[in-house]
Amino acid sequence: MSFAELESLRTISPEARIIPAGEIWERSKQEGWVLGEYMESQIDALWTQAYELQLRLDFVLVSEPEPEVRPVCMFVVWEKAGPSPEEIVALRKLSEEAANMPVSAVLRKARAGEWLLGRFWPNRLPEIERRAMELGLQLRRES
């Protein structure tokens with residue numbers, strides 16, 4: 001980067017005005033200087049200003065990121081302080097983990113609080129909630 005380019009960059013970039021020249025050179029030598037994000041309506045004025053200052057600009061179009069889809073934790077919530085015998089039977093029908101455990105172990109774990117049913121993709125939640133409702137169990141979601 002020449003001195004003239006550095007001065008032009010400082011004219012167009014508020015951030016570059018407060019940074020020492022050496023740091024600007026280090027940050028810009030690999031990929032150039034990132035001016036920032038601009039609305040489409042600002043691009044023409046920025047392009048004109050850069051042309052007048054003899055700076056070459058490259059634009060990268062950025063679209064809004066897609067929302068990230070994450071699994072949701074589903075917990076079985078007991079109606080009272082601890083599970084009723086009916087809730088334990090229903091839990092064993094709904095939870096593969098509970099079905100494969102001895103009843104005494106299910107009771108011990110269930111008395112400790114909510115039962116983590118598992119982590120499920122959002123598209124599976126309606127089916128799981130419907131099944132829990134049929135069995136008389138209450139569920140709670142946690143992202």
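May I ask you to verify whether GLU37 is at pLDDT 80 or above, charged (D, E, K, R) and either assigned to a helix (DSSP H, G or I) or over 12 Å from GLU5 (Cα atoms) (or both)? Considered against the rule, which asks whether it is at pLDDT 80 or above, charged (D, E, K, R) and either assigned to a helix (DSSP H, G or I) or over 12 Å from GLU5 (Cα atoms) (or both), GLU37 comes out as no. You will find that of GLU87, GLU97, the residue that is open to solvent by less than 30 Å² (accessible area, probe 1.4 Å) and outside any loop (DSSP other than H, G, I, E, B) is GLU87 and no other. Does ARG92 fit the bill of being at pLDDT 90 or above and either farther than 30 Å from GLU7 by Cα or in contact with a Cys (Cβ under 8 Å, 6 or more places away or on another chain) (or both)? Yes, satisfied.
Looking at the structure I just gave you, is SER63 more than 20 Å from ARG140 (Cα to Cα), open to solvent by less than 30 Å² (accessible area, probe 1.4 Å) and modelled with pLDDT under 80? Here the answer is no, as SER63 does not meet what is asked. Of all residues in the stretch 130-143, those being open to solvent by 60 Å² or more (accessible area, probe 1.4 Å), in contact (Cβ under 8 Å) with a residue 24 or more places away in the chain and in a helix (DSSP H, G or I) number 1. In the set GLN42, GLN54, only one residue is under 30 Å from PHE3 (Cβ atoms), open to solvent by 30 Å² or more (accessible area, probe 1.4 Å) and either part of a helix (DSSP H, G or I) or in the same structural domain as LEU6 (by the TED database) (or both); that residue is GLN42. The residue that is nearest to PHE3 (Cα to Cα), counting only those in the stretch 14-34 that are aliphatic (A, V, I, L, M) and surrounded by 10 or more Cβ atoms within 10 Å (Cβ to Cβ), is ALA21. Selection over the stretch 1-17 of residues that are outside any helix (DSSP H, G or I) and in contact with a Lys or Arg (Cβ under 9 Å, 6 or more places away or on another chain) gives a count of 1.
Consider the stretch 1-10 and keep the residues that are out of contact with any helix residue (DSSP H, G or I) (no Cβ under 7 Å at 6 or more places or on another chain) and closer than 19 Å to PHE59 by Cβ. The one that is most open to solvent (accessible area, probe 1.4 Å) is GLU5.
The values are calculated or read from the model by the stated rules, or taken from the named source; none is laboratory data. Source: prediction; values computed, not measured. Neighbour counts run over all protein chains shown; Cβ positions are idealised from the backbone, glycine included. Ligands, DNA and RNA are excluded from the accessible area calculation, which covers all protein heavy atoms including side chains. Shrake-Rupley method; radii C 1.70, N 1.55, O 1.52, S 1.80 Å.
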